[in-house]
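These notes are about the structure you will find just below.
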Amino acid sequence: MANVLTALQPSGVLHIGNYFGAIEPMVQLQETNTNRLFIVDYHAITVPQDPAELRKNILFATAIYLAAGIDPKKTLLFQQSRVSQHTELAWVLNCTTHMGELERMTQFKDKSRGKGEAVTVGLFDYPVLMAADILLYDTHVVPVGEDQKQHLELARDVAERFNNRFGETFVVPEVKIREQGARIMGLDNPENKMSKSAASEKNYISLMDDEATVLKKCKSAVTDSGTTIAYDEARKGLANLLTIYSLVTGKEIKEIEKAYEGKGYGDFKTELAGHVSAFLKPIQAKATALLNDETHLIKILDEGATKAQELAEKKMQRVRSVIGVQL
Ligand code: ADP
Ligand code: TRP
């Protein structure tokens with residue numbers, strides 16, 4: 001049994017890219033592995049957050065995970081800030097991580113562009129907190145979308161360096177990039193990944209979008225001037241829509257191509273929207289019911305925090321001991 005771990009930021013919007021890139025793989029993996037899944041609220045505050053919004057978003061993310069099929073009996077589900085060993089280990093790792101390593105992180109370069117001197121230390125240090133998240137739990141596998149690969153490689157380097165210097169302490173984690181759907185592209189711009197921080201809401205399908213919105217977004221998705229529904233890497237918009245179609249219906253792309261022989265974009269987009277909505281409906285109903293009972297949600301997070309603290313403290317005791325601060 002492998003220790004599998006991943007985490008998501010608490011955002012008010014979760015889209016189908018997050019779902020297929022991060023949430024659904026964890027639902028599958030919880031059956032045969034030791035799963036840990038948490039909401040990285042301390043990563044979220046590396047950019048300004050409205051406190052009331054943040055609270056709401058933590059509860060929303062929890063509700064979505066549960067609605068998507070995460071079972072707290074099978075998956076350790078918790079809130080990062082409740083387990084202070086994450087920030088404690090991040091500090092220790094800060095002292096073995098090089099500035100140059102963090103300066104190379106493309107996410108930092110993207111997010112700090114144009115901010116000049118006002119960019120926060122937290123944003124720069126983000127990958128070290130992420131390494132701590134992973135290394136605390138003897139994690140073997142970290143399933144993430146492709147955009148997180150570089151952060152994962154850093155976590156591996158940090159673990160190896162620490163082990164070389166202080167003796168075997170951390171498991172060096174493997175990255176697991178999901179093959180199909182690892183990178184769902186923006187509907188309005190298939191050159192870039194679907195993202196909630198895109199300029200237009202037409203970029204993404206939120207897990208909470210209603211039928212009319214899904215239809216509107218699918219219809220306005222950017223495609224090319226071709227006339228056939230056929231998968232071709234060069235036809236990026238269509239390739240992305242076919243991937244989404246396949247993910248929400250469970251059908252092979254070949255099968256979908258066949259079903260649309262002789263049909264055009266109009267039919268394809270309308271029917272795609274129908275399939276996406278049908279896929280989202282049960283998730284939305286469950287999430288809404290869960291959000292109506294905050295006490296229950298908070299109880300699940302409390303129980304998760306208690307279990308996570310126990311595991312994390314054990315690892316921290318070892319870390320404190322090998323670096324020499326444990327008397
Ligand atoms: P966003 O870009 O919308 O802000 P995040 O950066 O918060 O998304 O990503 C949360 C998780 O979802 C990560 O594991 C990331 O790899 C995955 N993810 C985000 N966008 C996509 C996407 N378009 N396709 C596949 N996975 C994605
Ligand atoms: N940085 C990740 C993201 O934005 C979230 C994250 C934080 C994470 N800690 C993690 C993912 C540990 C996997 C493992 O998507």
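Observations
- Measuring between alpha carbons in the structure, the pairs from Lys56/Lys216; Lys149/Lys193; Lys56/Lys217; Lys219/Lys281; Lys216/Lys258; Lys111/Lys236 lying more than 21 angstrom apart are Lys56/Lys216; Lys56/Lys217; Lys216/Lys258; Lys111/Lys236.
- Residue list for region 11-53, given a label point 7 angstrom along the Cα-to-Cβ vector of Ala118 and an amide N cut-off under 20 Å: 44-51
- Cβ-Cβ distance of Thr249 and Glu31, R₀ of 22 Å, FRET efficiency by 1/(1 + (r/R0)^6): the value works out to about 0.50.
- Positive dipole terminus of region 29-153, leading residue within Phe78, Thr139, Ala68 (C-beta point charges): Ala68
- The longest stretch of the chain left intact once loop-based GluC sites (Glu not before Pro) with at most 14 other Cβ atoms within 10 Å are removed from consideration, loops following DSSP, is 32-167.
- Estimated inter-spin distance, Asp210 and Lys258, nm [label 7 Å along Cα→Cβ]: 3.8
- Debye equation applied to the C-alpha atoms of region 122-220, log10 I(q)/I(0) at 0.17, 0.21, 0.22 Å⁻¹: -0.83, -1.02, -1.07
- Of all aspartates and glutamates in the structure, those lying under 18 Å Cα to Cα from Lys314, and not within fewer than 8 positions of it along the same chain, are Glu88, Asp133, Asp138, Glu168, Glu303.
- Separation in nanometres of the label points that stand 7 Å from Cα toward Cβ, at Lys299 and Asp138: 3.1
- Given R0 = 22 Å, the distance between the Cβ atoms of Ala52 and Ser84 translates into a calculated FRET efficiency of 0.45.
- Mean shadow area of the chain, taken as a quarter of the surface of its Cα convex hull (nm²): 17.9
- Two-site label geometry, Thr106 and Ser225: point separation in nm, points 7 Å out along Cα→Cβ: 3.1
- Neighbour counting of Cβ atoms within 10 Å sorts the residues Tyr126, Tyr42, Tyr231, fewest neighbours leading, into Tyr231, Tyr42, Tyr126.
- Calculated mean residue ellipticity, 222 nm, the chain: -16500 deg cm²/dmol, from DSSP H runs (n ≥ 4) at -39500 (n - 2.57) each, averaged per residue and rounded to 500.
- Within the chain: Cβ-based charge dipole about Cα centre, in debye rounded to nearest 20 (Lys, Arg +1; Asp, Glu -1): 140
- Annotation for region 84-116: trypsin sites (Lys or Arg not before Pro) lying in DSSP loop with at most 14 further Cβ atoms inside 10 Å of their Cβ are Arg104, Arg113, Lys115.
- Estimated from the Cβ-Cβ distance and a Förster radius of 56 angstrom, the FRET efficiency linking His98 and Asp232 is about 0.85.
- Counting every other Cβ atom within 10 Å of each residue's Cβ, Cys95, Cys218 order from fewest to most as Cys95, Cys218.
- Normalised contact order of the chain, rounded percent, pairs of Cα under 8 Å and 6 or more residues apart: 22
- Those trypsin sites (Lys or Arg not before Pro) in region 1-90 that DSSP places in a loop and that have at most 15 other beta carbons within 10 Å: Lys73
We did not get these values from a lab; they are worked out from the coordinates using the rules stated. Quantities reported herein were computed from a predicted structural model and do not represent experimental measurements. Note: ideal-geometry Cβ built from the backbone for every residue, glycine included; neighbour counts use all protein chains shown.
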